[in-house]
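S.K.: Quick one: structure below, then a few questions.
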Amino acid sequence: MDLLFIADPLDTFKVSKDSTLAMMRVAQAAGHRLWFCQSCHVLWRSNAVVADCQPLVIKPSSSTAWYELGAIQDRALNSFSAVLMRTDPPFDIEYLNTTWMLSAAVRQGAKVFNNPAAIRDHSEKLSITEFPELIPPTLVTRELGAIEQFHKEHQDIVIKPLDGMGGMGVFRVGKDGLNLASIVETLGENGARTLMAQRFLPEITQGDKRVLLIGGEVVPFALARIPQGSEIRGNLAAGGKGVAMPLSDAERKVAQYLAPLLNQRGLFLVGLDLIGSYVTEINVTSPTCFVEITEQSGFDVPQFWLTALEKALA
C-alpha cells in the first residue's frame, strides 16, 4: 500500500516517543510505501486535490539521520491507499481549510483517516457534551456571571479555553474563589472567547488517562498522565508523568461504548481522556501515546493500529 502522512515538519518530531513516527515504522516494516507532506502542500490543481509530496524512508534507530526523503512528486490524494492526517493542533482556520480540501479529496475517492468531516464535527472539548451521562458537571459560556454561579454551586472548579492543547490555559479555582473574575476575563478576553468550566475531579491525582480507540476497538492499556508536585495538570507537555496501566472495568465500559460509535462516524483513531470514569476530552486530530503505552505495557499499539488500518482498507 501507498500511505501518505500529512504531518508537521519531520525535524520537529520527538523521535523517542512520536506516535506518527511509530506508525511510519510499523507500516514500512510491513512492506508498505511511505509518503510525506505538510498540510501546506495539499492543493487543488487541475480539478483534483493533489499533494506535492515526497517518498519517505525511515532509517534504523541507530542512524544519525532517521529519515530520507525522495524527490517531490505531484500526486492526487485518491491515488494513495490511505491518507493519514496527523497535523497537530491548534485547530485554526488553516487547519480547517485543510479539512475542507481533504473532504473534496474524499468526494474524489480518497480514503482519509480520520475523516475530515468527522474531525470538523467533533470539537475535542465540546464533543463531550453529546454524552452528558459520561462527563463531570460542565458549563460552556462566555459569561462571567454564569461561571461565578457555577463556582458557587460546585466550589472547586477548573476553567479552560476551548482551543487549548497540552494543558495550556487550564486554571483551578478553589473554594475561596481567588482571582476567579480575573482568570475568566483574561482567558475569555473579556467575553470574546468561549470557555469551559468543570467541577474539579480529585481523581486527577491518579492520572488524566489517555485511552486509545482504534478502528472501533479499545487498546486495553491507558497512559495515566499524573500531575507532579503542586501541579493540577497531568498533561505530559505540562510536566505530568506518564504511567501505562490496564483499564479499569469502569474505564473499559465507557471506552467500549464510545469506540464503535465514533468509528462509524469516521473517527478511526481517537484519544479518549478520562479522569476517574468521567470523559473530559475526545481527541480526534492527532492522538498520541503509542510509544509510551507500548514500551511500558508490552502491548504493541502501532501494530494494533496497522492491523486495524489494513482491515479498514481491505
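The values are calculated or read from the model by the stated rules, or taken from the named source; none is laboratory data. None of these values were measured; they are calculated from a predicted model. Every residue, glycine as well, gets a Cβ built from its backbone with ideal geometry; the counts of neighbours run over all protein chains shown.
S.K.: Take the residues of the range 144-167 that are free of Cβ contacts under 8 Å to residues at least 40 places away in the same chain and in a loop (DSSP other than H, G, I, E, B): which is nearest to the chain's Cα centre (by Cα)?
M.R.: Gly164
S.K.: Please find, among Leu306, Leu212, the residue that is out of contact with any Leu (no Cβ under 6 Å at 6 or more places or on another chain), farther than 30 Å from Gly174 by Cα and assigned to a strand (DSSP E or B).
M.R.: Selected residue: Leu212, the only one of Leu306, Leu212 that is out of contact with any Leu (no Cβ under 6 Å at 6 or more places or on another chain), farther than 30 Å from Gly174 by Cα and assigned to a strand (DSSP E or B).
S.K.: Looking at Asp8, Asp18, which one is at pLDDT 95 or above, touching a helix residue (DSSP H, G or I) at 6+ places or on another chain (Cβ under 8 Å) and surrounded by 13 or more Cβ atoms within 10 Å (Cβ to Cβ)?
M.R.: Asp18
S.K.: Mind telling me which of the residues Ala110, Ala48 ends up being surrounded by 15 or more Cβ atoms within 10 Å (Cβ to Cβ), outside the structural domain of Ala259 (by TED's automatic domain parsing), under 23 Å from the mean Cα position of the chain (by Cα) and of a type in the set (A, V, I, L, M, F, W, C)?
M.R.: Ala110
S.K.: Now for a separate question. Being modelled with pLDDT of 95 or more and small (Gly, Ala, Ser), is that true of even one residue in the range 156-165?
M.R.: Scanning the range 156-165, I find no residue that is modelled with pLDDT of 95 or more and small (Gly, Ala, Ser), so the answer is no.
S.K.: Please verify whether the range 270-282 includes one or more residues that are in a loop (DSSP other than H, G, I, E, B) and surrounded by 20 or more Cβ atoms within 10 Å (Cβ to Cβ).
M.R.: Taking every residue of the range 270-282 in turn, none turns out to be in a loop (DSSP other than H, G, I, E, B) and surrounded by 20 or more Cβ atoms within 10 Å (Cβ to Cβ).
S.K.: May I pose another question? Would you please list the contacts, defined by Cβ atoms under 9 Å and residues six or more apart or on different chains, that run from a residue in the range 123-143 that is in contact (Cβ under 8 Å) with a residue 40 or more places away in the chain and farther than 22 Å from Glu251 by Cβ to a residue that is polar (S, T, N, Q) and crowded, with 17+ Cβ neighbours inside 10 Å?
M.R.: So the pair list comes out as Leu139/Gln198.
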